Structure formats: structure tokens, C-alpha cells
Amino acid sequence: MSEMNAQNSSSLWRDAWIRLSRNRMAVVGGAVLLTLGLLSLCAPWISPYRYETQNLELGATGPQLTWDTQQLVYGTCTQQRAQVLAAGYEGEIDVLPADSTELHRTIEGQDYGRTLWVASAPGNTNLMAMVITSEGFDPLEEIPERANFILLKSRGHLLGTDELGRDLFTRILYGGRISLMVGLCATAVSLTIGVLFGAVAGFFGGRVDDLMMRFVDILYALPFTIFVILLTVIFDRNIWNLFLAIGAVEWLTMSRIVRGQVLSLRKQEFVEAAIALGIPQWRIVLRHIIPNCLGPVIVYTTLTIPVVMLLEAFLSFLGLGVQPPMSSWGLLIRDGSKVLEEFPWLMLFPGMVLALTLFSLNFLGDGLRDALDVRVSKD
Amino acid sequence: MSYLTVDNLKTYFHTRNGVVKAVDDISFSLEQGKVLGIVGESGSGKSVTVHSLMGLIPQPPGKIEGGSARFDDTDLLAADKQLLRALRGKRIAMIFQDPMTSLNPYLRVSEQIIEPLIIHDNITRQNALDRAIKMLEKVGIADAEKRIHSYPHEFSGGMRQRVMIAMALITDPEVLIADEPTTALDVTVQAQILRLLQELQDDLGVSVIFITHDLGVIAELANQVAVMYRGKIVEQGEVLQIFDNPHHPYTKGLLACRPRLESTFKVLPTVSDFLEEYEKDGQLELKERPDADTCIKDMQQITMPNIDHSDVLLEVKDLRVHFPVRQRFFSGSEGWVKAVDGISFSVPRGSTLGLVGESGCGKTTTGRAILNLVKPTSGRVKFAGDEIAGAEPKAMLPYRKRMQIIFQDPYSSLNPRLTIEQTLSEPMAVHKIGTAKDRKDRVVSLLEEVGLESHFLRRYPHEFSGGQRQRICVARALALEPEFIVCDEAVSAMDVSVQAQVLNLLKQLQRRRGLTYIFISHDLSVVKFMADSMAVMEGGKIVELGDSEEIYSQPKEDYTRRLIDAIPRDNVEFIQERISGNR
């Protein structure tokens, strides 16, 4: 390509960029997506918890909008258990005296917040709880003579915890890494294969088109679950196979859409003119045909991304792709939906994040489509 | 007696880019039993006018800003929707331009014809059907009793337009509005439809508003004529006066810029030779150019260079292009459509061969087969002595530079996503002609050659009008400096004034560059203007081939004669005869 063409096309992209930046909804959508992406990337520095840390004693707790005010105390029966708990815990830890009189003395005058939990003594299988306030503690059951107590200072859970006591906010951040990456990569795969395949089939038409489209039909006819199970059998379970599996299925519809577009574009006289001018076929496809399919392609892409994210959840459920304790938005929603009645926040928050992402994608997609359409007037 | 009186009608469109005065203060009246022709080019507001009367203007963006349209005692512009609905289709009926899209393809014709009857006249289905059959017979559909139960796709274009007319007339309307009813039809079919409308109008005494861009059609049919330009009626009067003694320079320009069979012009006058436009106080002013007459005289002096008939550039021998009918994947095809079936001709260097015929006669396929855009089934195409029929793309490459094509539709023949500069420089880049800088200079000079300014370079096709786009297409065809260009209905989609400009441009380029053309058109008068020799095609075969003057003056074949007879007659003698004979 000559410099002149390069200069021109750069101006095309610059024009598109200017048009895009004037579209407020698209800008907001883009900003939201960028923020979500950055938050997910920086998850270890943002959240004090790790996504895999369980806190069985805590269980599912609702969202606590206060931050850094609440503390938790676990009393354990043995030194060993105390250490186990302490090891899995990243908050500050005070080991309290085992003797209850000693305990009284230690707690006295210190602010431990309002709610504190104290766990069981040796031989006592039931957990027991008590509330410690700055005035003292109020045992719900009698505290045994000798027990190890350990005071865990926690920072609370912004969006609550799941049944295993894992911090939901942290899990959403880490899940975002998977979901956004799947959305991006699998869609990119389906976009590339779908657009090229569809464009070639549509452009050459006739027998080539017949063959290529029958191939697509065959893939369509293959039950997705079986296809995926086949893949899991043949390949290792890892995230890249996940992209492969999703990409391999999602491009089918894209290729049909593009083919339809190309079939009608091919009859347009500018394509015939290009042939008459001796422009090579690959160049006609890349330069004259594909750019003119952009509108529907962009719209379909923004529709593909959520589908891909939910597919990922389904695949993970089957055992291909993300494995616990790692999670993704799709998985979080799937898990949350099972306990919707008891712990609604477990579905609500990941659902809201996914919805927010999709809204942003749609606005951004619409903005992109308009920005790339040179026919939209310049003012 | 005046029947429908329109006074000071104003319809404006409020768009984002400002107010478009589509119809700007026009007045006219339709007399009972007469035909009022409204003639104008695209964008002149002729369709908006009748749509305003029918309450069919989309509002917003459109708005009727003022005026009245009195029909009987009703003001159509002020009438409420219910009243309008009762009038529409009952007392005022309408025929649209495209018979292919104006009928619902999923409903039998019978259902569509009787629908207005059942809605407005409240009669039984059987009675309605009987009337519909009678009406179909009247509009010339044979075997109407059976045909009425067919679906629209079982009729040809002309037949469909007849059905549309039957549908419009079935409620015995007093006013019939025909919006370009023959524009989408072949010239022979157009002649039949015009004759039919004339007969029906005499027979039923219906008053007609006939909208068209074609003065020839007006001459065949109208009693009164209103000429519209840019939302205003610039001239109106009796049809004979308009043709015999036009007053307004725009009317004069319109009449002059149509290529006519009997004229011997080598260059066509254009509207701008007659009309000067300037803005005064924000208002558009039109004035006649003082030097119009000398201008026209000068034009007649221009002659074309002589042609050396022994120097043959293109020779086509026994060319056949057959398309398979409904090809199946395994079973091959069920039959063949012989689009081009054994035609032979040769084109001397620097001359123009006109290919004429009705739609479906194979003229377009011939043009494409010569350029190898469709693969010929058999036959030979010799270009400058080399055999190129069915050549592979690689082998064809050197010839791509030397032979080019210009298409009919200037809207679909430019890639909407490329700037004009990209469009024009791409072929040169692909053929590795010059450096980037050379190419840019070439693009600028090409634009100048086709009469466009160089600051258009960075614009996209949608920013241009149809005529400008066709100039860009011409520039693109010239980018590789070809010797030979196929013009495939290159001016068919254009207004007459723009058509004249593009035809002049093509002629001028031919003179300057010694180009050889194949000029494909359904319009015999245009071909007659352009071509030195011509071939009349029918059903994939050439029925008559020879010098174009000779063919026009003494057509040997019936088919050719029919084509020539079908051209609307717009000479004053004919109009005089028609008016005195009929009324």
C-alpha cells in the first residue's frame, strides 16, 4: 500500500474516532468496560482477600456496606485448629488467652466492634457464639475452662460472602478476568473465522459456497454438548481449549450473516467495477466487501459476547474450562441462581456486573457502527 | 369546470440540516375530464405535491405549511384523517411507479383488486369480483376470469401495471393520480400503457394528474402541463403552447436537452445553456442566458472525427452466454437460459456501437461477457487482435487496463466506504502505475477532465449527486487510460438534463482520446445520439445491425420498427394532431 492510502485510511480511522468520541453513550460504555477490565486485572491489589480462601465458619453473609469496621473472633478448641484458621486468614490475628478470666481481662477496654464470634471449646461439637462488645463479652453458652481463642480482625465483606465464606467481591473481580478474556478471545476467534469464511463463501458463490455452507450446516447439526465432551476427551482441560471450543461454535452464525451480506454486495456494481479494473480477488474481498459488512457484523458481535460468557459457564460446569476455586461471572450467576431464595446477593451482584457489561457493550457497539459508517453526515 | 384547485401549497421538510422547501407556494387546477401533466426532474417536488394532496407526507419531518386544495367542497389539506381515508381510493385513486413492489406478493390479485370496493362500496364479494373481472378486461388483460386468481408474480411488469390501474379505477374515482406509472417499464410496454390510459380516460371521463420526468410521455397524454423546478411551478399552460412556444428558460432547456430521433446534434444542449441561477436576498432567481441562441448554434457546428472502418478494435463472433436454471448441488442444471445466443459484430477503433433492446434481451450480458465479467459459454471475442473470451483472471490482467465499463446505477457502482481519491487511485496502485505522488496528480487531472473539482478528493460517494457520481465512475474507468469502454445503461437512471451533460462528456472524451464505445441502452433516442452503428437485440440474438441513421430511417425488421414507434412522440405536429383529433 502506498503512503497516500495509508494517510487516507488513517484519516478514516481518525474521523471514526472523532465521531465515536462525540457519542456520549458510547464513551460511557467504553469507560465502564475499561474500568471493569482494569479492576479485574488489578484484583490482587484491590481486594484484601483471595478468591479461594474459604471461611466455613462464616458461611454466607450478606453484603456489608461498611468497610474495615467489623472484626471477627474465632475461638478454637485446639492450638492446632487455631493455627489452621490463622494460616488461611489474611487479616490481623490476635491469639487470645485460653483462660476465660484472662480473656475477660484482655478484651476489656478494647474496641472489637459490635459482632464477634467465638467458636467451640474442646469436646464440644457445636459451635457457640458470643457477642463481645467493649464492655465485655456475653457468652451464649458457657465457655469451657481451657480453650484457645483467636481473634481475627477482618475488614468485612462489601458484597457479602458465599456459602463457603469466600468474599464475593473478590470472586467477581477474579471472575471478570476469565469472563472478559473469554468474551474477548472467543469473540475474536469467531469474528475472524466467521467473517473470512462467510466472505469467501459469499464472494465465490456457486459450488464453493455450496460446499462451505454445507460444512457449516454439519457443524450446526452437531449437538454442542457432544462436541464439547469430545473436545474435553481429546484435549487437556485448560482455558485455551475453552476459547477454541466456543470460538469453533460461535463463528457459524457470523459466517452465515456475512455470507448473506456479501451475496448482496457482490451484485453491487462497484464490485464488478473492481473486477473490471483488474483488482485481485483477495483485495476486493478485504477492501471492498468486508468493510461494507461492518454494520451487521458489529451488531452481531455485541450480541455474541454475552452468549459466549454464558457458554463459558456451561462449559465450566461440564468440566472444560474454569475449575473451582477459580470462577467466572457465568459460574457465579449459575451458582447464585441455585440459592437465589436464601442468599439473593450471590446471584444479584454478578448478574448486575454482567448486565452492566452488556449494556456498555451495546452502547459501544452502536457507537462504533455509526462511527465507522461514512454515510452518517459529518456534522 | 375546475375540479381540483390547489392554491399556494407549501410543503416543507424540517431536517437536521435545515428546512427543505420541497414544494414552495404552487397553485394549479385540474379540470374535469382533462389530463394535467406535472413534469420535473428528481427533487423538483412533483411527487411531494401529490403526496401532500393525498395526506401521504410523513409528518414529521414533513409539514404542510400553508395553502389549500379544494376538491368539491372539501379542503384536502385541512380534512381530518377519516374523511381523507374515505376519499382516498374511492374518489381519488393513485397509481405508483413500480408495479413490482406496489402489489403484495402474498395475496392473490383478486383480493387486492376488490379490497377498495369492499372497503368503500360495501358490496358483496361476488359482486365485487364480477366488477373486478370487468375492469381487468377493460385494462386489457386477456382471460381475466381465470387470471384474476393469480398471484402478482405470475404477471409481467406491464401486466402488473395494468392490474394496478384496474385497482385504482375500480371504484370509479373522479380523480386519478399517476405517479410516474411508466418509468419502470420497457419502452414498448410504456407505449401500450399510455395508450391504455388514454383510452380509459376518454372512456370513463376521469380527470388525471400525471406525474413524470419525461416530456415525451407528457406530449402523448396531457392537456395541460405544469413544469416544476426546485419546488416551484416555473411554467404552466396548454400542452401545445409548452412544446411549441415555451417561455421559461428551464422549459426551453428541458425540451432541448432530450436527444431526439430527428435531430442531428452531435452535442446536446443542457439546461445550463439556457438558464442562469443566482441567489438574491436568499431567494433563488432564475434568468435566461442572453447568449443561449449563439451557444446552441455553435454546438451544431461540432462534428465528430471520421472513422476508419478497416481498423477493427473489437470483434465478437458467435458469442453465446447460457445461464443454468436452478442448479442443484449433485444433479446439475435443469435447463439453460440463453441470455446471449450467437451474436457477432465488430467495432472499429474510435467508433460507438449502440446495443438496444428491451429488458431481458441480453444486451447487458453481452457487455459483461466481452469484459469477461461473465464467462461466455462459447464464441470468440477478439480485442486488438488477441483472443480474450473466457481468459483466466491472470491472462486477462493486461487487458483490464485497456477495456473498461461504466454501469447504470451511480449509487451502487461506488464503494461507499472509500473516498473518491481512494476509489480513483486504487486501480493505478494495483497496476503499479507511477509513484503515490504521480497517482495523486493523475487523480486530480482525472477529476478535472470529467468536470469535477479537485477538493472533492477526500469526500465519500454519498456526498455527491447522481450525476456527479456518474462522472466519478467515468473518471474511474478512465484511470487506467483504456481504449475501449462499455457503457451499460450509463445514463438510464438520470434526469434528462444530467443525462445530456454525461452524454456530452462521453462524446467529448471520445473526441479527445479516440475512445471506442459500446453503448448499451433501452432508449433508442439516446443510442441514436451516441452511436455510429447499432445492433438491435431480441431474445439473445441480434435482429438488425447496421449504420444507426439507416436503421432509424429505414428499419428492416418489424421488431425494430415497433421499438421506434414506441418512442413517445413529442413533436409539435403530433401534439396538434392529437389534440384536434381527440377533442
Please work out which one of (1) buried (at least 17 other Cβ atoms within 10 Å of the Cβ); (2) away from every other protein chain (no Cβ under 14 Å); (3) more than 27 Å from residue A:41 (Cβ to Cβ) is the condition residue A:221 fails and give its number.
(1)
Looking at segment B:400-435, which of its residues are more than 7 Å from chain A (Cβ to nearest Cβ) and within 29 Å of the chain's Cα centre (by Cα)?
B:403, B:406, B:408, B:410, B:411, B:418, B:420, B:423, B:424
Does residue A:350 meet the test of being open to solvent by less than 30 Å² (accessible area, probe 1.4 Å) and assigned by TED's automatic domain parsing to the domain that holds residue A:186?
yes
Pick out, from segment B:1-113, the strands (runs of 3 or more DSSP E) lying fully within it that include 2 or more residues that are polar (S, T, N, Q).
B:2-15, B:18-31
Only one of these conditions is not met by residue A:236: (1) open to solvent by 60 Å² or more (accessible area, probe 1.4 Å); (2) outside any helix (DSSP H, G or I); (3) closer than 30 Å to residue B:392 by Cα. Which number is it?
(3)
Scan B:375, B:382 and give me the residue that is surrounded by fewer than 16 Cβ atoms within 10 Å (Cβ to Cβ), more than 18 Å from residue B:539 (Cβ to Cβ) and more than 8 Å from chain A (Cβ to nearest Cβ).
B:375
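So that you can scan it fast, the table gives a plain yes or no per residue for (1) surrounded by 22 or more Cβ atoms within 10 Å (Cβ to Cβ); (2) within 13 Å of chain B (Cβ to nearest Cβ); (3) acidic (Asp, Glu):
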| residue | (1), (2), (3) |
| --- | --- |
| A:205 | no, yes, no |
| A:213 | no, yes, no |
| A:244 | no, no, no |
| A:269 | no, yes, yes |
| A:288 | yes, yes, no |
Helices (runs of 4 or more DSSP H) within segment B:124-215 that include 1 or more residues buried (at least 23 other Cβ atoms within 10 Å of the Cβ) and under 25 Å from the mean Cα position of the chain (by Cα)
B:157-169, B:187-204
From the list B:498, B:502, exactly one residue is surrounded by 23 or more Cβ atoms within 10 Å (Cβ to Cβ), closer than 26 Å to residue B:347 by Cα and at pLDDT below 90. Which is it?
B:502
Out of A:358, A:368, A:310, I need the residue that is in the same structural domain as residue A:28 (by TED's automatic domain parsing), under 30 Å from residue A:20 (Cα atoms) and buried (at least 22 other Cβ atoms within 10 Å of the Cβ). Which one?
A:368
Only one of (1) at the interface with chain A (Cβ under 8 Å from one of its Cβ atoms); (2) surrounded by 19 or more Cβ atoms within 10 Å (Cβ to Cβ); (3) in contact (Cβ under 8 Å) with a residue 12 or more places away in the chain fails for residue B:396. Which number is that?
(2)
Pairs only if they're at least six apart or on different chains, beta carbon under 8 angstrom, first in segment B:231-253 and in a helix (DSSP H, G or I), second among the charged types (D, E, K, R) and modelled with pLDDT of 85 or more; list them, first residue then second.
B:242/B:235; B:250/B:235; B:251/B:235
Residue in segment A:33-42 that is at pLDDT below 80, surrounded by fewer than 16 Cβ atoms within 10 Å (Cβ to Cβ) and assigned by TED's automatic domain parsing to the domain that holds residue A:357 present:
no
Only listed residue being among the polar types (S, T, N, Q), under 22 Å from residue A:238 (Cβ atoms) and either away from chain B (no Cβ under 14 Å) or without any contact (Cβ under 8 Å) to a residue 60 or more places away in the chain (or both), chosen from A:316, A:360
A:316
Positions within segment B:443-461 being within 13 Å of chain A (Cβ to nearest Cβ) and open to solvent by less than 60 Å² (accessible area, probe 1.4 Å), in sequence order:
B:443, B:444, B:457, B:460, B:461
So in segment B:471-493, with the set limited to residues that are in contact with an Asp or Glu (Cβ under 8 Å, 6 or more places away or on another chain) and open to solvent by 10 Å² or more (accessible area, probe 1.4 Å), which one is modelled with the lowest pLDDT?
B:493
Could we say that residue B:365 is more than 11 Å from chain A (Cβ to nearest Cβ), under 28 Å from residue A:290 (Cα atoms) and not small (Gly, Ala, Ser) here?
yes
Residue B:354 being away from chain A (no Cβ under 14 Å), open to solvent by less than 50 Å² (accessible area, probe 1.4 Å) and at pLDDT below 90:
no
Which of the residues that make up segment B:79-101 are over 31 Å from the mean Cα position of the chain (by Cα) and not charged (D, E, K, R)?
B:79, B:82, B:83, B:84, B:86, B:87
Test result for residue B:443, touching a Leu at 6+ places or on another chain (Cβ under 6 Å) and in a helix (DSSP H, G or I):
yes
Here is a list of conditions, (1) in contact with a strand residue (DSSP E or B) (Cβ under 7 Å, 6 or more places away or on another chain); (2) under 30 Å from residue B:468 (Cβ atoms); (3) of a type in the set (S, T, N, Q), and residue B:415 meets all of them except one; can you say which number that is?
(1)
Taking the stated definitions as given, is residue A:333 aliphatic (A, V, I, L, M) and within 14 Å of chain B (Cβ to nearest Cβ)?
no
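The values are calculated or read from the model by the stated rules, or taken from the named source; none is laboratory data. This structure is a prediction, so every number in the text was calculated from the model and none was measured. Cβ coordinates were reconstructed from backbone atoms using ideal geometry, including for glycine residues, and neighbour counts include every protein chain displayed. Just so you know, the surface numbers come from the protein's heavy atoms only, side chains and all, with ligands and any DNA or RNA stripped out. Shrake-Rupley method; radii C 1.70, N 1.55, O 1.52, S 1.80 Å.
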